[in-house]
Amino acid sequence: MSVSAVPDHRVRPSATVLAAVVVTVAAWASAFVAIRAVHAHFSAGSLALGRLATGAIALTIAVLATRTWVRPTAREWAQVVGVGVVWFGLYNVTLNAAEQRLDAGTSAMLVNVGPILIAVLAGIFLGEGFPRSLLIGAGVAFGGVLLIGFAGRGGASADPLGVALCLISAAAWAVGVTLQKPALRRLPALQVTQMACVVGMIVTLPFAGSLADDLRSAPAGPIAGVIYLGLVPTALAFGTWAYALANMNAGRLGVTTYLVPPLTILLAWPILSETPHLLALAGGAVALVGVALARRR
């Protein structure tokens, strides 16, 4: 059965879609802070599995309650499995590992170069080309990343491996969005999110032993943090993101994530007593300007 719709770049986002965007941005900003808050009690892999298992349970209950299952085609299965492996699995593990080395605000700024990578993938695989604005913006954003990398050299905020892990997370996010958008043309957003989250959970099952050990030794607060990560930034926010992506142009939606780093910094200041190095803040601002330039037509 084919589904026809007005191209999403011509449709003005409804109040419901805008609300979904707000929820997504706020929840994802809180995720950087929550990961940092529990990192001392959970390894990168065990935290990813705990988060995804919690999210998968919540999303499966939601799918069963709404009874909105559409049988995927083989191509859609491949797309959703790719989203689960790369975005839900790889992204979570690498981001958790990065935040064991970097503060929450710096991590958010580095990961938020993802829209640049989305534009590059669209140019390569979707035939959108490489306009001058993309090349200029990519250069500016890369300069910002270098500033963040040099910030406070010798301290935790400048850890090279942490920077590299954040950039891998950004790449995983970009690949995930590129695969997710076509799957959402026919499949419900909730179903796509649930399927991808279950796949991500399966991918991280090798960390089950580590998760069991961490759960036995962790206090109640960090365990509650893992549950929060699974319910809000994963089940809720990935669901609202998928809903917004199904009803908006991917490039326009990507612009909204520019709000994640400043919100993360505002949350991390009172909760974690963390503020990025001034050079990292400057680099983050430069990187975001580059991303904005790259997305201009």
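The values are calculated or read from the model by the stated rules, or taken from the named source; none is laboratory data. Fair warning: this is a prediction, and the values are worked out from it, not measured in the lab. Cβ coordinates were reconstructed from backbone atoms using ideal geometry, including for glycine residues, and neighbour counts include every protein chain displayed. Areas reflect the complete protein model, heavy atoms only, side chains present, ligands, DNA and RNA absent. Shrake-Rupley method; radii C 1.70, N 1.55, O 1.52, S 1.80 Å.
Carbon and sulfur together cover what percent of the accessible area of the range 67-135 at a 1.4 Å probe radius?
Values: 1950 of 3080 Å².
Using a 1.4 Å probe with all protein chains present, the range 67-135 comes out at 63 percent carbon and sulfur.
Multiply the residue gap between Ala164 and Thr275 by 0.36 nm, knock off their C-alpha separation, and tell me the result in nm, one decimal place.
37.9 nm
Counting only C-alpha contacts under 8 Å and six or more residues apart, can you give the relative contact order of the chain as a whole percent?
Working: 490 pairs, mean separation 122.9, N = 297.
In percent, rounded to a whole number, it is 41.
Pick from Ala58, Ala98, Ala119: which is most flexible by mean-square fluctuation in a GNM of the chain where alpha carbon atoms under 10 Å apart are linked?
Ala58
Considering the convex hull of the alpha carbon atoms of the range 158-254, report its projected area averaged over all viewing directions, in nm², one decimal.
Result: a mean projected hull area of 7.9 nm².
Quote to one decimal, in nm, the extra length available between Val289 and Arg185 on full extension: 0.36 nm per residue of separation minus the C-alpha distance between them.
34.4 nm
How high is the relative contact order of the range 153-297, given as a whole-number percent (alpha carbon pairs under 8 Å, six or more residues apart)?
Working: 39 pairs, mean separation 40.5, N = 145.
Value for the range 153-297: 28 percent.
Rounded to the nearest 0.05, what FRET efficiency do Val70 and Phe150 give with R0 = 35 Å and r taken as the Cβ-Cβ distance? Could you check? Don't skip to the end; give the middle numbers.
Numbers: r = 49 Å, r/R0 = 1.39.
Approximately 0.10, to the nearest 0.05.
Starting from the Cα of Ala40, move 7 Å in the Cα-to-Cβ direction to define the label point; list residues of the range 266-294 whose amide nitrogen is under 18 Å from there.
It comes to 268-275, nothing else.
Averaged per residue, what accessible area in Å² does the chain show with a 1.4 Å probe, protein chains only?
Per-residue value: 45 Å².
Whole-Hz Karplus ³J(HN,Hα) for the range 35-48, in order, using 6.51 cos²θ - 1.76 cosθ + 1.60 and θ = phi - 60°, x for Gly and Pro?
With the stated coefficients, the range 35-48 comes to 4, 5, 5, 9, 5, 6, 10, 9, 6, 4, x, 5, 5, 4 Hz.
Apply the Karplus parameterisation 6.51 cos²θ - 1.76 cosθ + 1.60, with θ equal to phi minus 60°, to every residue of the range 180-193 and state each ³J(HN,Hα) to the nearest whole Hz, in sequence, with x for glycine and proline.
6, 4, x, 5, 7, 5, 10, 7, x, 4, 4, 5, 4, 5
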